[in-house]
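Student: This structure is in structure tokens; I'll ask about it shortly.
The values are calculated or read from the model by the stated rules, or taken from the named source; none is laboratory data. Not measured: the values here are computed from a predicted model. Reconstructed Cβ throughout: ideal geometry from the backbone, glycine too, with neighbour counts over all protein chains shown.
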């Protein structure tokens, strides 16, 4: 198998940026209708981000989601790049021995890869290895093996489409399989032994804050496998308003020579759908204005990047 560049490729604003800044579309909108897509993409560009993370849209006719072509047009008009995300649920879990449930999960992952390829995105990340749910028991060798089997097949399809897969470990209340960077590295090593070379480790600071000894330790444990970060405050509100050790995180990223995206993720019941609110427990309204939140987040990240010397070669575009 020829060598594969695991770095996420970008064609527009994020191309050439040492550390691209991204934002989750869920800060702006609760769906991906044409109007919502326009608001999220244009708002992200106006705030100064380089890329937008788009959760895989609902493809049912009733959802009225924007077509990939419309999404591409918005990206071209604004100059933004995009990545794609999803979280499997109990009905589409691949961390299982139930064949029908696993097949639904595999189909969702393949659909995500197809959507990413259609909009020119080179990354599909998120909770791609299990359901994002509270499990009633530990993972077993059999459920783990099934997750590895499915991801091996999906990764092969993704590789042909020049798409990387990200594994975002989450806290113990939202998965029983991967809860730390070290566990995720071991899982990625098992995928690597199967020939998978397009899978990355995805740290979400909200989850890492719950499970790791420190955010810096998470970066250290992730090592060269780290390819994507969600920057989410301890309470999932505006970055810099909670208890996270941001200076420790950015210092560790600088020491590691990290050069992947830094994507802001924050949720408010004022924006997300009722279903998402209930799924993630976003009960408190810590903010209500996406414009104010995103502009403050960009400023905060620029300050952290500068203070940590994360950019050692250039600060152009920052």
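Student: Among the residues of segment 1-21, is there at least one that is in contact (Cβ under 8 Å) with a residue 12 or more places away in the chain, touching a strand residue (DSSP E or B) at 6+ places or on another chain (Cβ under 7 Å) and assigned to a strand (DSSP E or B)?
Tutor: Yes, segment 1-21 has at least one match.
So that you can scan it fast, the table gives a plain yes or no per residue for (1) in a helix (DSSP H, G or I); (2) in contact (Cβ under 8 Å) with a residue 12 or more places away in the chain:
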position	(1), (2)
128	no, yes
145	yes, no
151	yes, yes
158	yes, yes
173	no, yes
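Student: Then there is this: Anything in segment 267-297 that is in a loop (DSSP other than H, G, I, E, B) and more than 22 Å from residue 134 (Cβ to Cβ)? List them, or say none.
Tutor: 268, 270, 271, 285, 286, 287, 288, 289
Student: Next question, about the same structure. Six or more apart or on different chains, Cβ atoms under 7 Å: show the pairs whose first residue is in segment 66-83 and on the phi > 0 side of the Ramachandran plot and whose second is buried (at least 24 other Cβ atoms within 10 Å of the Cβ) and at pLDDT 95 or above.
Tutor: none
Student: Looking at segment 114-151 only, could you name the residues that are crowded, with 23+ Cβ neighbours inside 10 Å, under 17 Å from the mean Cα position of the chain (by Cα) and within 18 Å of residue 93 (Cβ to Cβ)?
Tutor: Residues satisfying the conditions are 124, 125, 126, 127, 128, 129, 130, 131, 151.
Student: Restricting to segment 96-113, name every residue that is buried (at least 16 other Cβ atoms within 10 Å of the Cβ) and not in a helix (DSSP H, G or I).
Tutor: 96 - this is the single residue of segment 96-113 that is buried (at least 16 other Cβ atoms within 10 Å of the Cβ) and not in a helix (DSSP H, G or I).
Student: Can you spot a residue in segment 233-250 that is assigned to a helix (DSSP H, G or I), crowded, with 23+ Cβ neighbours inside 10 Å and free of Cβ contacts under 8 Å to residues at least 60 places away in the same chain?
Tutor: The answer is yes, given that some residue of segment 233-250 is assigned to a helix (DSSP H, G or I), crowded, with 23+ Cβ neighbours inside 10 Å and free of Cβ contacts under 8 Å to residues at least 60 places away in the same chain.
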